[in-house]
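The values are calculated or read from the model by the stated rules, or taken from the named source; none is laboratory data. This is a predicted model, so every value here is computed, not measured. For neighbour counting, all protein chains shown are included, and Cβ atoms are generated from backbone atoms with ideal geometry for every residue, glycine included. Quick note on the areas: whole protein, heavy atoms, side chains included, nothing else; ligands and nucleic acids left out. Shrake-Rupley method; radii C 1.70, N 1.55, O 1.52, S 1.80 Å.
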Amino acid sequence: EAQEEEKRRQRESQREKEEREKKEREAQEEEKRRQKRSEEEKQREKEERERKQKEEQEAEKRRQREAQEEEKRKERKQREAQEEEKRRQREAEETVKRKQREAEEEEKRRQKKGEEDKQREKEERERKQREAQEEEKQRQREEQEKEKRRQREAQEEEKRRQREAQEEEKNRQKKSQEEKQREKEERERKQREAQEEEKRRQREAQELKKRKQREAQEEEKRRQREAQEEEKNRQKKSQEDKQREKEERERKQKEEQEAEKRRQREAQE
């Protein structure tokens, strides 16, 4: 019975050892899964940062392309203005030449008419020249006003575009900073949660370890008490068996002495 009890205790100890090893393996597997999830989360955060960085780079390239296109539009407008100015100059020159031809033709006609018409033609020519000059001056003033107005509009358009670009850059920087701040807060929150989870897991592991140790100690104490109790019962039973054997021997010895005395009396008789 002691051997059977010892074997049973060994089997229970082996089963508890296997149970502890199983739980340790499960805890290790859980730790591996947690590390894997943490690594996957870090990888996702890295990909998200790379994606946002790529989007910011593409936005910057797009802004540069738009700035270049705006610069090209300005150059095109400047070329068009220059061409328009050249065209106006050609038209003015052609108008002067045409009026000069008309004046020359008029002069020829006037010469044909005679001396009286010369003065009148001269005055008419001078009047036309003055009108042409006045017209040319008026046209130049109008062109200058138009050019000044165009330059003012171009400057205002450039200022507006710069303000919009600055505002857009400020908004982009603000958005980027807010996004970085949110990412930082999210990383800090996840880190705190991971730390809390790690602390909780460690506390649970320590509590589980302490509980297992207490259970193992209590089981060991229980087995020791049972073994002591069994040893006491075995010793008590052994003593009782020895006492019964002793009493039996004494009884047999007494019976033998009684029988011997009886034989001796019978023999004397």
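If a residue must be free of Cβ contacts under 8 Å to residues at least 60 places away in the same chain and either open to solvent by 100 Å² or more (accessible area, probe 1.4 Å) or farther than 21 Å from Arg34 by Cβ (or both), how many such residues does the range 197-216 contain?
10
Would you point out which residue out of Gln89, Gln82, Gln3, Gln68 is exposed (fewer than 10 other Cβ atoms within 10 Å of the Cβ), part of a helix (DSSP H, G or I), polar (S, T, N, Q) and free of Cβ contacts under 8 Å to residues at least 12 places away in the same chain?
Values: Gln89 fails: exposed (fewer than 10 other Cβ atoms within 10 Å of the Cβ); Gln82 fails: exposed (fewer than 10 other Cβ atoms within 10 Å of the Cβ); Gln68 fails: exposed (fewer than 10 other Cβ atoms within 10 Å of the Cβ).
When all the criteria are applied, what remains is Gln3.
How many residues are open to solvent by 80 Å² or more (accessible area, probe 1.4 Å) and either within 60 Å of the chain's Cα centre (by Cα) or farther than 29 Å from Glu104 by Cα (or both) if we restrict to the range 136-152?
8
Please pick out the residue among Glu229, Glu247 that is closer than 24 Å to Arg11 by Cβ, open to solvent by 90 Å² or more (accessible area, probe 1.4 Å) and either without any contact (Cβ under 8 Å) to a residue 24 or more places away in the chain or in a helix (DSSP H, G or I) (or both).
Residue meeting the stated conditions: Glu229.
Go through Arg33, Arg9, Arg62, Arg37 for me and flag whichever is assigned to a helix (DSSP H, G or I), over 23 Å from the mean Cα position of the chain (by Cα) and without any contact (Cβ under 8 Å) to a residue 12 or more places away in the chain.
On the way: Arg33 fails: over 23 Å from the mean Cα position of the chain (by Cα); Arg9 fails: without any contact (Cβ under 8 Å) to a residue 12 or more places away in the chain; Arg37 fails: over 23 Å from the mean Cα position of the chain (by Cα).
Result of the check over Arg33, Arg9, Arg62, Arg37: Arg62.
Restricting attention to the range 114-124, which residues are surrounded by fewer than 12 Cβ atoms within 10 Å (Cβ to Cβ) and either in contact (Cβ under 8 Å) with a residue 60 or more places away in the chain or assigned to a helix (DSSP H, G or I) (or both)?
Glu115, Glu116, Gln119, Arg120, Glu123 - these are the residues of the range 114-124 that are surrounded by fewer than 12 Cβ atoms within 10 Å (Cβ to Cβ) and either in contact (Cβ under 8 Å) with a residue 60 or more places away in the chain or assigned to a helix (DSSP H, G or I) (or both).
Residues Gln133, Gln155, Gln111: which one is touching a helix residue (DSSP H, G or I) at 6+ places or on another chain (Cβ under 8 Å), open to solvent by 100 Å² or more (accessible area, probe 1.4 Å) and part of a helix (DSSP H, G or I)? Before the answer, list the steps.
On the way: Gln133 fails: touching a helix residue (DSSP H, G or I) at 6+ places or on another chain (Cβ under 8 Å); Gln155 fails: touching a helix residue (DSSP H, G or I) at 6+ places or on another chain (Cβ under 8 Å).
Result: Gln111 is the single residue among Gln133, Gln155, Gln111 that is touching a helix residue (DSSP H, G or I) at 6+ places or on another chain (Cβ under 8 Å), open to solvent by 100 Å² or more (accessible area, probe 1.4 Å) and part of a helix (DSSP H, G or I).
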